[in-house]
Amino acid sequence: MAEKANLAKSDFLSSMSHELRTPLGAILGFAQLIESGTPPPSSSQKRSIDQILKAGWYLLELINEILDLALVESGKLSLSMEAVSLPEVMLECETMIEPQATKHDIKVTFTPFDMPCFVHADRTRVKQIVINLLSNAIKYNRAGGTVRIDHSLTLPNSIRISVRDTGAGLAPEQLSQLFQPFNRLGQQAKVEEGTGIGLVVSKRLTELMHGEIGVESTVGQGSVFWFELKLTAKPLLAAHAAEPAALTSAQGEGDAPLHSLLYVEDNPANLMLVEDLIARRPDIRFLSAQNGIQGIEIAQALRPDVILMDINLPGISGIEAMRILAKDPATAHIPVIALSANAIPRDIEKGLEAGFFSYLTKPLKVNEFMVTLDVALKLSDLEAPCATHKEET
Ligand code: MN
């Protein structure tokens, strides 16, 4: 019964988080719209908008953490275990954490690997664990402190990644409370936001990958958070080279012909937000459809230059609509950008496999959206004359 109750709780949290993201999308979307609008907001309005955005993005982070925890606890999380190159993952983490380190004025040092090293793990989830430990080490550090990331082999066949900070350190009674949700330590004294859920999720993830996670700490000197994963042989096939789509910048845009964008979306607030954004671009005509079938019909009839596709749609899903568009020679060349509230890495991978040009998550980030839109438009200019039909497996 207790297990059943726990499952029900996880289901509730998961659907709840999803429901919370939708109104938050409108709050963050329209606040960004005002922030970047013309005429620009006055300085006192700007201060208010900054507060809305700051609180909004933080709320989103919390919702994502809860969603993640619910997913891990429900046992619905499926890992894709493979031979993962640890040096590669660490390099990606180094790039990802840099802005946060700079912002907090913390020096982060990675000990380089002197030989190839593969672990049996889920790539996305290893990254999630490393980023979580790193961002904690930065957040709970002292001003001007350091973070050091080391690795060492442990018997019989594992590798340990350690993240050492120069923060306040944790007393034994505090250590015993770690890895429990909503038990963030020393909240009275700290100004940093956080729930402690990240560590709980990291622990579950490590265990799911047959590893271990732990901490050692000295009050006044700092803490070392570590995790261990099983080493494995190098995969036979060359590691999947994740090359970013190399796009040559289009030459001479002088008098660009009129572009058109089709947005397939059932949520009126989202439709309005994107319509308002596109209204700032006189070179783009805005078309919309409220469900997948209607979207496909409009795409076939009007051949827009770019399609923006919601995933959760009434009737056929955005993924199914994408597959139909990709099979039809009339629409196969049109770049389709997914815009979905499903922010789980697995969903994003599934989306990209279905053939989406790019996968953006709600709440929409105005800058990211505009950049993606421009890249898609350039691609559509290049590909328009003769459609290259590509088949995905
Ligand atoms: Mn929807």
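Each reported figure results from applying straightforward, stated rules to the coordinates on display, with no laboratory input. Given the structure is predicted, the values throughout are model-derived calculations rather than measurements. Cβ atoms come from the backbone with ideal geometry, glycine included; neighbour counts cover every protein chain shown.
As a test, work out the antiparallel percent of DSSP beta bridges whose residues both lie in the chain, rounded to the nearest 5.
55
Note down the nm distance, to one decimal, between modelled labels 7 Å out along Cα→Cβ at Glu3 and at Ser176.
Modelled inter-label distance: 2.9 nm.
Cα centroid distance between segment 258-288 and segment 324-370, in Å?
16
What is the calculated FRET efficiency for Ser74 to Lys234, with r their C-beta to C-beta distance and R₀ = 35 Å, to the nearest 0.05?
In this case the efficiency is close to 0.55.
Taking θ = phi - 60°, what integer Hz values does the Karplus form 6.51 cos²θ - 1.76 cosθ + 1.60 yield along segment 64-71, in sequence order, with x for Gly and Pro?
4, 5, 5, 4, 4, 4, 4, 5
Please give the contour-minus-distance gain from Thr109 to Glu212: 0.36 nm per residue of separation, less the Cα-Cα distance, rounded to one decimal in nm.
34.8 nm
With all distinct Cα pairs included, what does the Kirkwood hydrodynamic radius of segment 2-74 come out to in Å, to one decimal, could you say?
Its Kirkwood hydrodynamic radius stands at 13.8 Å.
Once R0 is set to 41 Å, what does the formula 1/(1 + (r/R0)^6) return for the Cβ-Cβ distance between Ala143 and Ala301, expressed as a FRET efficiency to the nearest 0.05?
Between Ala143 and Ala301 the formula returns 0.10.
Need the C-alpha centroid separation for segment 36-114 versus segment 148-181, integer Å.
Between the Cα centres of segment 36-114 and segment 148-181 lies a distance of 21 Å.
Using only Cα atoms, what is the ratio of the radius of gyration of the chain to 2.2 N^0.38 Å?
Cα Rg divided by the expected 2.2 N^0.38 Å: 1.09.
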